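Peer 1: To start, I am sharing the structure in question, which I have written as structure tokens.
The values are calculated or read from the model by the stated rules, or taken from the named source; none is laboratory data. Model, not experiment: these values are computed from the prediction. Backbone-built Cβ (ideal geometry, glycine too); neighbour counts: all protein chains shown. For the accessible areas, the whole protein counts, side chains as well, though only heavy atoms, and no ligand, DNA or RNA atoms are used. Shrake-Rupley method; radii C 1.70, N 1.55, O 1.52, S 1.80 Å.
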Amino acid sequence: MLTVAYGEATLDKNNVLQNVSRRPRRCERRKRAGHPSTSTADEKNDEVKKMVLANRRITVRGNAEDLNISIGTCYSILSDNLGMRRFAAKIVPKLLNFDQKQHRMNIANEMLESVRDDPNLLQRVITGDESWVYGYDVETKAQSSQWKLPHEQRLKKALQVRSTVKVLLTVFFDCRGVVHHKFLPHGRTVNKEYYLQAMPKTPEFAEKQKLAYAPQ
């Protein structure tokens with residue numbers, strides 16, 4: 001095709017292949033003076049940022065196609081010029097609405113005011129928590145680790161599973177430690193009535209009925 005187009009001035013096939021093989025390929029793009037890239041100008045940066053803020057889940061390809069720029073240029077604008085990164089959403093137990101957030105903020109402000117009025121309030125607070133206790137709980141890798149000399153063999157242990165026998169343990173504690181604990185009877189459900197019955201009926205605990213009790 002080259003010979004037909006350019007006639008005798010065209011190099012033969014062998015010379016062309018030798019010249020191509022001798023020249024290393026340049027992957028980087030040379031910058032030409034006096035010809036700035038219009039796709040990375042300020043207006044392009046603003047357009048890319050505007051589209052991303054309007055749709056946080058837009059892809060680089062979709063953004064590049066809408067603005068008629070290359071994918072590499074669009075990614076360079078997002079990462080280098082705008083300093084943006086794409087992250088997956090963080091998993092949380094529950095998303096609170098506005099009323100729930102406001103309610104928690106009001107409770108927090110009331111607690112702060114109570115602590116300002118009485119600095120020893122938190123020292124008298126009793127709270128509680130529950131956890132499953134198994135008949136046999138498998139040791140973790142750190143718990144079963146042991147020291148050994150260089151000539152000794154590595155410790156071996158059989159594969160074990162956690163026991164299916166378990167019971168729910170409810171623990172009440174204050175700033176000094178555990179105050180009371182109770183195991184959940186078979187067939188019972190953990191609710192407000194159970195917590196009221198599980199509270200210790202001791203004189204020391206009765207004096208703390210004025211305290212703020214908030215199960216975690």
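Peer 1: What's the ranking of 90-101, 156-167, 70-81 by average number of surrounding C-beta atoms within 10 Å, highest first?
Peer 2: 70-81, 156-167, 90-101
Peer 1: Each residue of region 60-73 in order: what ³J(HN,Hα) in whole Hz does its phi give by Karplus 6.51 cos²θ - 1.76 cosθ + 1.60, θ = phi - 60°, with x for Gly and Pro?
Peer 2: Listing the rounded values in order: 5, 5, x, 5, 5, 5, 5, 9, 6, 10, 6, 5, x, 5 Hz.
Peer 1: Mind scanning LYS90/LYS157; LYS141/LYS192; LYS166/LYS192; LYS141/LYS166; LYS50/LYS90 and naming the pairs with a C-alpha gap bigger than 31 Å?
Peer 2: Violating the 31 Å Cα-Cα cut-off are LYS90/LYS157; LYS141/LYS192.
Peer 1: Using label points projected 7 Å from each Cα along Cα→Cβ, tell me how many nm separate ASN15 and ASN109, to one decimal.
Peer 2: 8.7 nm
Peer 1: Tell me, what % of the accessible area of region 96-165 is carbon and sulfur with a 1.4 angstrom probe?
Peer 2: 55 percent
Peer 1: Roughly how many Å² of HIS151 are accessible to a 1.4 Å probe, to the nearest 10?
Peer 2: Roll a 1.4 Å probe over it and HIS151 shows about 150 Å².
Peer 1: If one puts a single equal scatterer on every Cα of region 57-135 and applies the Debye formula without solvent, what log₁₀ I(q)/I(0) results at q = 0.14, 0.16 Å⁻¹?
Peer 2: -0.76, -0.83
Peer 1: I'd like to know how region 90-145 sits against the 2.2 N^0.38 Å rule of thumb: what's its Cα Rg over that expected value?
Peer 2: Normalised Rg, Cα atoms only: 1.90.
Peer 1: Given the peptides 112-118, 83-89, 132-138, arrange them by the average over their residues of other C-beta atoms within 10 Å, most packed first.
Peer 2: 132-138, 112-118, 83-89
Peer 1: Apply the Karplus parameterisation 6.51 cos²θ - 1.76 cosθ + 1.60, with θ equal to phi minus 60°, to every residue of region 99-106 and state each ³J(HN,Hα) to the nearest whole Hz, in sequence, with x for glycine and proline.
Peer 2: Result, ordered by residue: 5, 5, 5, 5, 5, 5, 5, 5 Hz.
Peer 1: Out of residues 5 or more away from LYS166 or on other chains, whose amide H comes under 5 Å of its own, with H placed 1.01 Å from N in the peptide plane?
Peer 2: GLY135
Peer 1: State, to one decimal in nm, how far the label point of LEU96 lies from the label point of LEU169, with both points 7 Å from Cα in the Cβ direction.
Peer 2: It works out to 3.0 nm between the two label points.
Peer 1: Same structure, new question: Hey, any idea what Rg/Rh is for region 132-193, computing Rh the Kirkwood way over Cα pairs?
Peer 2: 1.19
Peer 1: Could I ask something else about it? Quick one: check the C-alpha center-to-center distance for region 54-88 versus region 142-186, whole angstrom.
Peer 2: The two parts, judged by their Cα centres, are 49 Å apart.
Peer 1: At 0.36 nm per residue, minus the direct Cα-Cα distance, what do ALA41 and VAL161 gain on full extension? Give it in nm, one decimal, please.
Peer 2: 37.1 nm
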